[in-house]
Ligand SMILES: Cc1cc2nc3c(=O)[nH]c(=O)nc-3n(C[C@H](O)[C@H](O)[C@H](O)COP(=O)(O)OP(=O)(O)OC[C@H]3O[C@@H](n4cnc5c(N)ncnc54)[C@H](O)[C@@H]3O)c2cc1C
């Protein structure tokens, strides 16, 4: 039976990047790790759960991590820089503006479209000699032994591994089979995404606007378009999804205003129900849960994959350290070192995004006055604003 050092189930953003990051590691004798990746769907599929019509914002620090993992050169041609961020609260005067030049960086972050990124990542996975890609295929079962995990695929292939990584999204089958306890919270919101063409060029500007129903973000994309993420109550989302393009753009213009001039066109709309879904302990015997399999966050402040990428980078670093020290990379010592390093950031980000989602999606006059005051104080206080800016850039 073939033995792999690491088997990754799921090649969305987290799984694909982990495989590419691990392919750069070497054992002390100079040999590379033997990696297998199992993915249920081709990235060309128009209903791919990981590489759909979404665009996401990568923080400045994530770009640095992607450089270190050797992945950024593949993504750079597909990325659009964010050079300015405006945070505002609808109906109130509080507003914070941040620009890349203020902080001496070329960009505060980068926006990528997941569909073309998925195609590029899969091309790299298929080309990499130390990675075997099983796609389309699915895991049919696995068994944890003391020294390895045995994995069977629906195609009939089976193999063993020192470590199995579940990067199979928030409905992780591996997590379910293991009976991993999860903490879930329904935010009572849905996110509508669409690409919007505007009369005024975005010039690298990103906008995050808080409304009583939920946050609304427009991120700069290529061809002068902006990527919309609009979080609203589920009933309102149903109405907005049912509208024709003209009525939808008029409703959006009322909420967003004329910061980018008239909103002239919208692409196809997609809707996501928003829940928090986390596995408070994302590592088990010879198994690690990664990315959305470990934590699904509210998209407020665009932190989901930025957090997942920090998990990826730490796992690559810990496995590299284990290899250097001649350790078994699926051992309890290596995995618990990974888990202990990641838990504070994961728990902190779950708490922060949940608190922001609840605080900034509320028309309670006391909360509205408090956050409006907060934004005004922050705008006038350089150290506070600087803290917000560096956090937005992903600095811990
Ligand atoms: C509206 C919205 C806006 C967002 N904006 C941002 C943002 O601005 N910044 C940010 O950092 N994050 C953002 N996110 C979060 C980000 O999109 C996710 O964190 C990220 O895409 C998750 O990637 P993943 O690989 O962990 O999981 P997934 O994308 O769910 O990938 C899981 C993969 O596993 C495969 N799979 C599942 N089951 C199996 C199986 N049994 N066998 C084999 N394969 C399987 C799937 O086909 C898929 O390819 C946003 C999310 C939403 C919904």
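Things worth noting here:
- Verdict on residue 175 being surrounded by 13 or more Cβ atoms within 10 Å (Cβ to Cβ) and within 30 Å of residue 281 (Cβ to Cβ): yes
- Residue 215 being more than 16 Å from the ligand (Cβ to nearest atom), under 29 Å from residue 98 (Cα atoms) and touching a helix residue (DSSP H, G or I) at 6+ places or on another chain (Cβ under 8 Å): no
- Among all residues of the stretch 269-292, there is none that is free of Cβ contacts under 8 Å to residues at least 24 places away in the same chain and surrounded by fewer than 21 Cβ atoms within 10 Å (Cβ to Cβ).
- Within the stretch 293-304, the set of residues being surrounded by fewer than 24 Cβ atoms within 10 Å (Cβ to Cβ) and closer than 14 Å to residue 168 by Cα comprises 296 only.
- For the stretch 22-50, filtering for residues that are surrounded by fewer than 24 Cβ atoms within 10 Å (Cβ to Cβ) and touching a helix residue (DSSP H, G or I) at 6+ places or on another chain (Cβ under 6 Å) leaves 4.
- The set of residues from the stretch 294-322 being within 7 Å of the ligand (Cβ to nearest atom) and within 15 Å of residue 19 (Cβ to Cβ) comprises just one member, 308.
- Checking residue 208 against (1) on the phi < 0 side of the Ramachandran plot; (2) away from the ligand (no atom under 11 Å from the Cβ); (3) touching a strand residue (DSSP E or B) at 6+ places or on another chain (Cβ under 7 Å), the condition it does not meet: (2)
- Of the residues making up the stretch 239-265, those that are assigned to a helix (DSSP H, G or I) and surrounded by 13 or more Cβ atoms within 10 Å (Cβ to Cβ) are 239, 240, 241, 245, 248, 249, 251, 252, 253, 255, 256.
- For residue 284, the requirement of being within 16 Å of the ligand (Cβ to nearest atom) and either in contact with a helix residue (DSSP H, G or I) (Cβ under 8 Å, 6 or more places away or on another chain) or under 24 Å from residue 16 (Cα atoms) (or both) is not met.
- Test: residue 194 is in a loop (DSSP other than H, G, I, E, B), under 24 Å from residue 85 (Cβ atoms) and touching a strand residue (DSSP E or B) at 6+ places or on another chain (Cβ under 9 Å): no
- The stretch 107-143, subset without any contact (Cβ under 8 Å) to a residue 40 or more places away in the chain and in contact with a helix residue (DSSP H, G or I) (Cβ under 9 Å, 6 or more places away or on another chain), residue farthest from residue 37 (Cα to Cα): 116
- Residue that is surrounded by the fewest Cβ atoms within 10 Å (Cβ to Cβ), among those in the stretch 69-87 that are in contact with a helix residue (DSSP H, G or I) (Cβ under 7 Å, 6 or more places away or on another chain) and touching a residue at least 60 places away in the same chain (Cβ under 8 Å): 69
- For the stretch 134-154, the criterion of being in a helix (DSSP H, G or I), surrounded by fewer than 19 Cβ atoms within 10 Å (Cβ to Cβ) and in the same structural domain as residue 304 (by TED's automatic domain parsing) is met by no residue.
- If you go through the stretch 164-185 and pick out every residue that is more than 9 Å from the ligand (Cβ to nearest atom) and free of Cβ contacts under 8 Å to residues at least 12 places away in the same chain, you end up with 2.
The values are calculated or read from the model by the stated rules, or taken from the named source; none is laboratory data. Just so you know, these numbers come straight off a predicted model, no measurement behind them. No Cβ is skipped: glycine too gets one built from the backbone with ideal geometry, and neighbour counts run over all protein chains shown.
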